[in-house]
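Comments concern the structure below.
The values are calculated or read from the model by the stated rules, or taken from the named source; none is laboratory data. Being a predicted model, the structure only gives us computed values, none of them experimental. Here the Cβ positions follow ideal geometry from the backbone for every residue, glycine too, while neighbour counts run over all protein chains shown.
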């Protein structure tokens, strides 16, 4: 079983938490994505958020990691999500 490495953003504003949702799926998750080979986690998170949200961000404090394991169609999967505090004046101004 391959372990996937992901980075996720915790973006809060006035008591709200930004989460994302894929159309047709039941789950929600924090914005972010996969770390590419040879890429640092901070750079990966900034890249993913620019791709997903179209904004520049400041990646701040490392909060920790969350491991997620699941099985679908008989295939076991595992990912480790590293969480960071992220701020973006541009993002908060538009939402």
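Remark: pairs (first residue in segment 1-24, free of Cβ contacts under 8 Å to residues at least 12 places away in the same chain; second residue part of a strand (DSSP E or B); Cβ separation under 6 Å; 6+ apart in sequence or on different chains) = 21/28.
Does residue 68 satisfy being part of a strand (DSSP E or B), surrounded by 12 or more Cβ atoms within 10 Å (Cβ to Cβ), without any contact (Cβ under 8 Å) to a residue 24 or more places away in the chain and on the phi < 0 side of the Ramachandran plot?
Details: part of a strand (DSSP E or B): yes; surrounded by 12 or more Cβ atoms within 10 Å (Cβ to Cβ): yes; without any contact (Cβ under 8 Å) to a residue 24 or more places away in the chain: yes; on the phi < 0 side of the Ramachandran plot: yes.
Against the criterion (part of a strand (DSSP E or B), surrounded by 12 or more Cβ atoms within 10 Å (Cβ to Cβ), without any contact (Cβ under 8 Å) to a residue 24 or more places away in the chain and on the phi < 0 side of the Ramachandran plot), residue 68 qualifies.
Is there a residue being part of a strand (DSSP E or B), within 12 Å of residue 8 (Cα to Cα) and touching a helix residue (DSSP H, G or I) at 6+ places or on another chain (Cβ under 9 Å) anywhere in segment 72-84? Checked segment 72-84: at least one residue is part of a strand (DSSP E or B), within 12 Å of residue 8 (Cα to Cα) and touching a helix residue (DSSP H, G or I) at 6+ places or on another chain (Cβ under 9 Å).
Has segment 35-57 got any residue that is surrounded by 12 or more Cβ atoms within 10 Å (Cβ to Cβ) and part of a strand (DSSP E or B)? Looking for residues that are surrounded by 12 or more Cβ atoms within 10 Å (Cβ to Cβ) and part of a strand (DSSP E or B), one finds none in segment 35-57, hence no.
Could you grab me the full set of residues in segment 21-33 that are in contact with a strand residue (DSSP E or B) (Cβ under 9 Å, 6 or more places away or on another chain) and either part of a helix (DSSP H, G or I) or exposed (fewer than 14 other Cβ atoms within 10 Å of the Cβ) (or both)? Residues satisfying the conditions are 21, 22, 27, 28.
Looking only at residues in segment 1-18 that are more than 17 Å from residue 78 (Cα to Cα) and surrounded by 12 or more Cβ atoms within 10 Å (Cβ to Cβ), which one is modelled with the lowest pLDDT? Outline the logic, then answer.
Restricting attention to segment 1-18, the residues satisfying the condition of being more than 17 Å from residue 78 (Cα to Cα) are 9-18.
So of that shortlist, the ones also surrounded by 12 or more Cβ atoms within 10 Å (Cβ to Cβ) come out as 9-13, 18.
Values: 9: 98, 10: 97, 11: 94, 12: 92, 13: 86, 18: 90.
Looking at the filtered set, the residue picked out is 13.
Within segment 8-20, the set of residues being in a strand (DSSP E or B) and either over 12 Å from the mean Cα position of the chain (by Cα) or more than 19 Å from residue 70 (Cβ to Cβ) (or both) comprises 9, 10, 12, 13, 16, 17.
Do we find that residue 92 is modelled with pLDDT under 95 and over 11 Å from the mean Cα position of the chain (by Cα) in this structure? Give the steps one after another, and end with the answer.
Details: modelled with pLDDT under 95: yes; over 11 Å from the mean Cα position of the chain (by Cα): yes.
Yes: the conditions hold for residue 92.
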